[in-house]
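Here the structure is laid out as structure tokens; the discussion comes afterwards.
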There are 2 protein chains.
Amino acid sequence: MDLSHLALWLASSDVTLPLTIFVVFGTAKLLEELFERFGLPGIVGNILAGILIGPSLFGWIQPGEFLTALAELGVMFLLFQVGLHVKASELMSVGLTATVTATLGVIVPFIAGWGILRLWGEPHIEAIFTGAAMVATSVGITARVLGEKGLLNLQASKIILAAAVIDDVIGLLVLALVSGLAKGGVNYAELATTAILAIGFTVLVAKWGTRAMGRVVKRAENLNLGESQFALAMILLFGLSVVSVYMGVAAIIGAFLAGMALSENVTTRVHDLVFGVSELFVPFFLAGIGLHMDLTAIGNLHVLTLAIVILIAAVISKIVGCGLGAVKLGRTDALRVGVGMVPRGEVGMVVAQIGLSLGVVKKEIYGVVVFMSVMTTIIAPALLTWAYRGAAVEDTGEE
Amino acid sequence: MDLSHLALWLASSDVTLPLTIFVVFGTAKLLEELFERFGLPGIVGNILAGILIGPSLFGWIQPGEFLTALAELGVMFLLFQVGLHVKASELMSVGLTATVTATLGVIVPFIAGWGILRLWGEPHIEAIFTGAAMVATSVGITARVLGEKGLLNLQASKIILAAAVIDDVIGLLVLALVSGLAKGGVNYAELATTAILAIGFTVLVAKWGTRAMGRVVKRAENLNLGESQFALAMILLFGLSVVSVYMGVAAIIGAFLAGMALSENVTTRVHDLVFGVSELFVPFFLAGIGLHMDLTAIGNLHVLTLAIVILIAAVISKIVGCGLGAVKLGRTDALRVGVGMVPRGEVGMVVAQIGLSLGVVKKEIYGVVVFMSVMTTIIAPALLTWAYRGAAVEDTGEE
């Protein structure tokens, strides 16, 4: 009889779950500690862990459904936790600057990406998709770096957060537009509906979420129910994420808005419990970015050159575009804002993936965009540390 | 163009993840609060939530791979957290009583289950499988109830925990034996190897784990690495779970041993972070038990009668068997131990599932065993509250 198989069966159905978590989390944390030992950003260690154990190098781990779910949980908790540290009123107060920043941070990178691919002799539609992917911002990376350093309350950091939320909405519309073009027709009425829904929802929650949650939490407190504040927080987190998706905004934006609505209403106990979940799952989000990079796609010199050109353009165009948007804050803050918007992370990859699945982006260009998305993410923490040099944590009162 | 679909696509790939979590967690917590409002055990509310939204009633949620993974995470963190509150040395000190308790708690229920099915006129092999399923103990349920009431440090509670670990090892061997019989041949040499490996591993970790972890944690402290104690704890948790499975013990036993090895070595900060993860995922484990119950399988009166007879026998046989094993502690503690071993939970269901997949257990008997597993789990919290009445939390110094 096949006893060992049976034993495995009984022993909680499967070894896959603990084994996958052990390998991914263990490698991510190991590289994080190593990197920090050498004064490098730990977050990059997490991403490199994904590249190391993923298909690019060792091939121990393939990105599958389970890991994708853990990564999604990770980025949702990351943004929820960031939201918990941000007051909605303060974010609203930088709304105008953030809108200009996000808008310029969409226009400049799009033109840069589109222009370079046209000059490179690529078809119009591939140029448009590359431009759209360069519009993306993965705010999770910046938020993680700033959160770890205790710099989230600086003026520049708030503009980054607000601009990233707006960027997500604009990015969605750009993608819808671009996908429409790829399919040969744009439904402008539907596009407008999506825009209104997404913007309306975001503004509504940002503006009145805190007050509404204040009432809910107070009422729950009167009931005197143990850890119910945490349970309430979780229900709001996932509930608002679901509504976000239906409203056409990313689930992580819902998670961020949920955190923000609770930021003035929950105890530090809730902060601690959320921190536990996020400490466990954020490495899966970061390693997940690395797991999706496949270096073989940009294997030949011609494609590699394009990848590097696009990478440089991606960095410069966001710094220039977003920096211009925040220029009235002075050079230092403008640079911080620009650098903070550089990482494209998982958002850029999703755009490329849609292009690939629509059959309008070829494998090489997909590889170029993924390379750009991962590399901007890897570069960003060091750039951020440099741009925020001299900004003491005590500065948090500066706004 | 299909804009809404595209929007969903971009918006973090999928609404399934937040939606599933929202529905399961939300319903579980809602029923938990409702139950507690009426003085009933909240844990039962969690299980009933699973029955409510699962295939038995509303059919909103089907138990799938993702939910199973969350449930597995939940029970692993539950047992890890329980381990964190238990000193290995104290568990070892009740080792002998626990062994007698576990052994009698295997023998009496097995004979009861086997005997009833034979009297009912069922085939020999189905009687044996039912007996084997009645051997199981789902320590998670008891540990959750006792942990919430702060009663884990009582003498009886420690015996329950130790006996449950031993029960898992014996249960595994019984299942291997029974499956061998079903397939027409038992390999006794392999069975002995499994037994030695499983027992050796468990004793080894229980005996020397704490000292070994003390050294590791101290060394890590000297490196002065932020939240690295939590990271270390996670690596040990999942690492030991993996090794457990390879040694032929359930992953949750590894999780429990990992917690115990760390119980004297980590800060309350780690306790808090672990608590956050467990608060989020334990409801998935509990609701998962309810999700797997399908009442239609025991739809006719004949089968329902058998199910109720088996349920009564399952409760009495564990109380009598385990109570006898702990009788030298006096009637009160013997009763507590007996009641604490009553819930069969997910372990009983796995045994029935193996019988079903081997083709030796018919659907009705499978339904009977699942009913018994779920119902013992639902009854247990109330029985425990009754058996532990008068045991003040301050009693924790009694050992």
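The values are calculated or read from the model by the stated rules, or taken from the named source; none is laboratory data. Here the structure is a predicted model, which means the values were calculated and not measured. When we count neighbours, we look across all protein chains shown, and the Cβ atoms used for this are built from the backbone with ideal geometry, even at glycine. Ligands, DNA and RNA are stripped out before the accessible areas are found, and what is left, the full protein with its side chains, is counted by its heavy atoms. Shrake-Rupley method; radii C 1.70, N 1.55, O 1.52, S 1.80 Å.
If the condition is being open to solvent by less than 60 Å² (accessible area, probe 1.4 Å), hydroxyl-bearing (Ser, Thr, Tyr) and either touching a Pro at 6+ places or on another chain (Cβ under 6 Å) or closer than 12 Å to B:Leu173 by Cβ (or both), then region B:186-213 contributes only B:Thr194. Residues in region B:109-126 that are assigned to a helix (DSSP H, G or I) and either crowded, with 20+ Cβ neighbours inside 10 Å or polar (S, T, N, Q) (or both): 8 in all.
Every residue, every condition in (1) of a type in the set (Val, Ile, Thr); (2) away from every other protein chain (no Cβ under 14 Å), yes or no:
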| residue | (1), (2) |
| --- | --- |
| A:Arg215 | no, yes |
| A:Val243 | yes, no |
| A:Met247 | no, no |
| A:Ala255 | no, no |
| A:Met293 | no, yes |
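Filtered by the rule that a residue be farther than 18 Å from B:Ala133 by Cβ and in contact with a Ser or Thr (Cβ under 9 Å, 6 or more places away or on another chain), region B:296-323 gives B:Thr296, B:Gly323.
Table: residues versus (1) without any contact (Cβ under 8 Å) to a residue 40 or more places away in the chain; (2) not β-branched (Val, Ile, Thr).
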{"position": "A:Gln229", "(1), (2)": "no, yes"}
{"position": "A:Ala233", "(1), (2)": "no, yes"}
{"position": "A:Val245", "(1), (2)": "yes, no"}
{"position": "A:Ala251", "(1), (2)": "no, yes"}
{"position": "A:Val266", "(1), (2)": "no, no"}
{"position": "A:Ser278", "(1), (2)": "no, yes"}
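Applying a threshold of 7 Å to beta carbon distances and a minimum spacing of six or more residues, or different chains, the list of pairs starting in region B:1-26 at a residue that is among the hydrophobic types (A, V, I, L, M, F, W, C) and ending at one that is modelled with pLDDT of 85 or more and not in a helix (DSSP H, G or I) reads B:Leu8/B:Val15.
In the set B:Val44, B:Val86, only one residue is assigned to a helix (DSSP H, G or I) and either within 30 Å of B:Val327 (Cα to Cα) or over 17 Å from the mean Cα position of the chain (by Cα) (or both); that residue is B:Val44.
Does region A:112-121 contain at least one residue that is under 16 Å from A:Leu324 (Cα atoms) and touching a Ser or Thr at 6+ places or on another chain (Cβ under 8 Å)? Yes, some residue in region A:112-121 is under 16 Å from A:Leu324 (Cα atoms) and touching a Ser or Thr at 6+ places or on another chain (Cβ under 8 Å). Does B:Leu30 count as of a type outside the set (S, T, N, Q), in a helix (DSSP H, G or I) and open to solvent by 60 Å² or more (accessible area, probe 1.4 Å)? In short, yes. Among what's in region B:160-180 and is in contact (Cβ under 8 Å) with a residue 40 or more places away in the chain and open to solvent by 40 Å² or more (accessible area, probe 1.4 Å), pick the residue that is farthest from the other protein chains (Cβ to nearest Cβ). Looking at the filtered set, the residue picked out is B:Ile166. Residues in region A:39-87 that are crowded, with 22+ Cβ neighbours inside 10 Å, among the polar types (S, T, N, Q) and within 15 Å of A:Ile289 (Cβ to Cβ): A:Asn46 only. Candidates in region B:366-385 are the residues that are open to solvent by 10 Å² or more (accessible area, probe 1.4 Å) and more than 15 Å from the chain's Cα centre (by Cα); of these, the one that is nearest to B:Leu40 (Cα to Cα) is B:Ala382.
Counting only residues that are in a helix (DSSP H, G or I) and buried (at least 24 other Cβ atoms within 10 Å of the Cβ), region B:351-365 holds 4 of them. Among the residues making up region A:184-209, those that are under 23 Å from the mean Cα position of the chain (by Cα) and under 27 Å from A:Glu264 (Cβ atoms) are A:Leu197, A:Ala198, A:Ile199, A:Gly200, A:Phe201, A:Thr202, A:Val203, A:Leu204, A:Val205, A:Ala206, A:Lys207, A:Gly209. If you check B:Ala102, B:Ala88, B:Ala133 for being small (Gly, Ala, Ser), out of contact with any Leu (no Cβ under 6 Å at 6 or more places or on another chain), closer than 30 Å to B:Pro283 by Cα and within 14 Å of chain A (Cβ to nearest Cβ), only one passes: B:Ala133.
Just wondering, is there one or more residues in region B:227-235 that are at pLDDT below 85 and facing another protein chain (nearest Cβ under 9 Å)? For region B:227-235, residues at pLDDT below 85 and facing another protein chain (nearest Cβ under 9 Å): present. The one condition from (1) open to solvent by 20 Å² or more (accessible area, probe 1.4 Å); (2) at the interface with chain A (Cβ under 9 Å from one of its Cβ atoms); (3) without any contact (Cβ under 8 Å) to a residue 24 or more places away in the chain that B:Lys183 does not meet is (3).
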